[in-house]
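What follows is a short report on a single structure.
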Amino acid sequence: MGSWKCGSCLSSLLIPLALWSIIVNILLYFPNGQASYASSNKLTNYVWYFEGICFSGIMMLIVAAILLVLENDNNYKCCQSENCSKKYMTLLSMIFSALGIAFSGYCLVISALGLLQGPYCRTLDGWEYAFEGTAGRFLTDSSVWIQCLEPAHVVEWNIILFSILIALSGLQVIVCLIRVAIQLSKILCGTYSVIIQPGII
């Protein structure tokens, strides 16, 4: 019973994480609070992968909603046996948790790539990825951030928001991994009890 409550709490935790992912991803379109850069396509290309809005956001909200429905004790019975129904629901729950890992993992990877690539900004040589060839070394050397002249503070903007997206999607991956482990233990323990029962009788 405790594991079911734990699973429900974990599924509920995915909802605020997904909502924050959407908000943070949207903020990436407005460096320095301005919308003109998005309309003129002067943003880092990784924001157009919609990693926070779609995958770690909307798709994870759908996954969380389905998981909460599957954990409801009042679910319809898919088999004549109640034990069969529970195992079927547990299997579905594990499948959707695995999908959650895929969605949030996509956001995690894309956000990490966006962080390492650096922002698309105007330098003395024009609009370019000023730190693309640095392999992320610019992240620990704030003295080179002044190379980006426009948008103002775009380096800090990208670092903070992409880092938050990495943290949020990383937490989603962890939550979904825990859920998969819980569901897998239910299936294995349930199968074990069925196997040994005839021997006891």
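What follows is calculated from the coordinates using simple rules that are stated; it is not laboratory data. For clarity, every value in this text was computed on a predicted model and none was experimentally measured. Note that we place each Cβ from the backbone using ideal geometry, even for glycine, and neighbour counts take in every protein chain shown.
Observations
- Each peptide in 86-98, 56-68 gets a packing score, the mean of other Cβ atoms within 10 Å over its residues, and the list from highest to lowest is 56-68, 86-98.
- Most tightly packed first, judged by the mean number of other beta-carbon atoms within 10 Å of their residues, the peptides 143-154, 126-137 read 143-154, 126-137.
- Karplus-based coupling profile of the range 154-162, in residue order and whole Hz: 5, 5, 4, 4, 5, 4, 5, 6, 5, with θ = phi - 60° in 6.51 cos²θ - 1.76 cosθ + 1.60 and x standing for Gly or Pro.
- Reach of K87 by Cα under 15 Å, taken over aspartates and glutamates that are not fewer than 8 positions away in the same chain: E71, D73
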